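Presented below is the structure to which this report refers.
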Amino acid sequence: MQNHADSHVDPPVEPDADADEETWRAYLLATDDYERRHAGEGRVLRWWLLVAGLVGLYAAASLVLDKLSYFEQLAAGHNPTLSCNLNPIVGCGHVINTPQASIFWNLPNPVIGVAAWPVVAALGVLLISDVRLRAWHWIALEVGVVGGIVMVSWLQFQTIFHINALCPWCMVTWAVMIPTFWAVTARNLRSWAYDNAVAKLVYEVTPVWIVLHFLVLIGIIYAHFGSRLWA
């Protein structure tokens, strides 16, 4: 049985009614294997990709607009104030003009989100429409979510321990990026490495990993900031 990314891209073709018993047996086995491998493409993942893409796009676009507003107020000679600044710890203004807010070539991080999240939403729409994605679509999406979770994790470390502030719109992005990473990775592990014991530890209990990821993150935030979060 093949376990690589190109295995079972298309569903098995039903044989003719007068096909021999061995052909039908092979078809049923292939169908069962195909359905097990692609169970991760169920309705939950489809709709989640659409919702996550839209929420992520909204958060990224809001950050871009807040950054533009900041510079407009500054150019007008005003002391910039942003609606997302809630207290001395929680606020976009504490983060958006730091070096960490523009990782690549001085390009603001939310611009990357504005470009990337619509792709996630579009893939969700295709899946909802019962369009079967090719293997390279899933490979590209996996590369994207791995890159996204690495970038988000690095930014979490930077904002918590170096900037000592939390950006609300950034946290919205975290809230959709974390489940997206685990859900897409679980789907791909189910499809590409169905019989692998390590893969099963991920795709059979994906919600547990998502909850644990959030609990660790929340615990780190609270341990570092404590009651200052509500000051």
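Observations
- Between Asn196 and Val55, the contour length at 0.36 nm per residue exceeds the Cα-Cα span by 47.4 nm.
- Descending Cα extents along the principal axes, the stretch 41-230, whole Å: 60, 35, 27
- Value of Rg to Rh for the stretch 132-177 (Rh from inverse mean 1/r over Cα pairs, i.e. Kirkwood): 1.16
- In this calculation the C-beta distance from Ala175 to Leu74 is compared with R0 = 30 Å, giving a FRET efficiency of 0.50.
- For Val90, distant residues with modelled amide H under 5 Å away: Leu166
- Ranked by the mean number of other Cβ atoms within 10 Å per residue, highest first, peptides 167-177, 95-105 order as 167-177, 95-105.
Just so you know, all these numbers are worked out from the coordinates, no wet-lab data involved. For clarity, every value in this text was computed on a predicted model and none was experimentally measured. For neighbour counting, all protein chains shown are included, and Cβ atoms are generated from backbone atoms with ideal geometry for every residue, glycine included.
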